[in-house]
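Participant: Structure incoming, see below.
Here, each number is a calculation from the coordinates, and none is a lab measurement. Just so we're clear, the structure is a prediction, and the values are computed from it rather than from any experiment. Cβ coordinates were reconstructed from backbone atoms using ideal geometry, including for glycine residues, and neighbour counts include every protein chain displayed.
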Amino acid sequence: MSWWEEVDHFSPKEFACPCCGACEMKEDFVKWLDQVRSDLGSPIVIDSGFRCARHNKEVGGAPNSAHLRGMAADIRAYGSEYRYRLLRVLLRWGAIRIGVSKNFIHVDMDISLPHPVIWVY
């Protein structure tokens, strides 16, 4: 049995690298995000999950991005109300690294990177 079977709201394909299909997401991160989704009570659309090194470079990702290690997700932001609700839930669930953009919210739980931090794009 794969640990993905214990995840209620997401599937591996939602987190897979769009250029090669690799999906090396960390179990703890995905299960944590699944709890966030349950608490939010609204869909979470993953715009970017796992990235291989080539794709990360193509999209201008940080050289040491948590996406490379399967500990990050960019969540599509539906507007200011959704963004506000999502940020509240992420913080309630202990998010330590959040990036806020007009179109998405980045969240990662990579303790090897500076934390706690919130930044804007």
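Participant: Determine ³J(HN,Hα), in whole Hz, for all residues of segment 86-94 in sequence, where each value follows from phi through the Karplus function 6.51 cos²θ - 1.76 cosθ + 1.60 and θ = phi - 60°; x replaces Gly and Pro.
Facilitator: 5, 4, 4, 5, 4, 5, 4, 8, x
Participant: If you don't mind, another one. What 222 nm value per residue comes from the helices of the chain, counting each DSSP H run with n ≥ 4 as -39,500 (n - 2.57) and dividing by all residues, nearest 500 deg cm²/dmol?
Facilitator: Computed mean residue ellipticity for the chain: -8500 deg cm²/dmol.
Participant: Among the aspartates and glutamates, which have Cα under 16 Å from the Cα of LYS31 when same-chain residues fewer than 8 positions away are ignored?
Facilitator: GLU5, GLU6, ASP8, GLU14, ASP39, ASP74, ASP108, ASP110
Participant: Right, another one. Ordered by residue, what ³J(HN,Hα) values in Hz, to whole numbers, does segment 30-47 give under the Karplus form 6.51 cos²θ - 1.76 cosθ + 1.60, where θ = phi - 60° and Gly and Pro are x?
Facilitator: So the Karplus estimates, Gly and Pro as x, are 5, 5, 4, 5, 5, 5, 4, 4, 4, 5, 5, x, 9, x, 10, 9, 8, 7 Hz.
Participant: Out of residues 5 or more away from ASP47 or on other chains, whose amide H comes under 5 Å of its own, with H placed 1.01 Å from N in the peptide plane?
Facilitator: Excluding prolines and chain starts, which carry no amide H, the hits are ASP74, ILE75, ARG76.
Participant: Could you pull out every one of the lysines with an alpha carbon less than 23 Å from that of LYS57, ignoring same-chain neighbours closer than 8 positions?
Facilitator: LYS13, LYS26, LYS102
Participant: Over the chain, consider all pairs of different Cα atoms and compute the Kirkwood hydrodynamic radius from their mean reciprocal separation; express it in Å, one decimal.
Facilitator: Roughly 14.4 Å, rounded to one decimal.
Participant: Let me ask something else about it. Expressed as a rounded percentage, what relative contact order does the chain have, with Cα pairs under 8 Å and six or more residues apart?
Facilitator: Answer for the chain is 22 percent.
Participant: Between ASN64 and TYR84, take the C-beta separation as r, use R0 = 30 Å, and let me know the FRET efficiency to the nearest 0.05. Don't skip to the answer; put the middle values down first.
Facilitator: Working: r = 29 Å, r/R0 = 0.98.
Rounded to the nearest 0.05, the efficiency is 0.55.
Participant: Ranked from highest to lowest mean number of other Cβ atoms within 10 Å per residue, what is the order of the peptides 78-86, 111-119, 49-57?
Facilitator: The peptides rank, most packed first, as 49-57, 78-86, 111-119.
Participant: Extension gain SER2-ASP34, at 0.36 nm per residue separation less the Cα-Cα distance, in nm?
Facilitator: 10.0 nm
Participant: Let me ask something else about it. What number do you get for segment 62-121 when its Cα radius of gyration is normalised by 2.2 N^0.38 Å, N = residues?
Facilitator: 1.06
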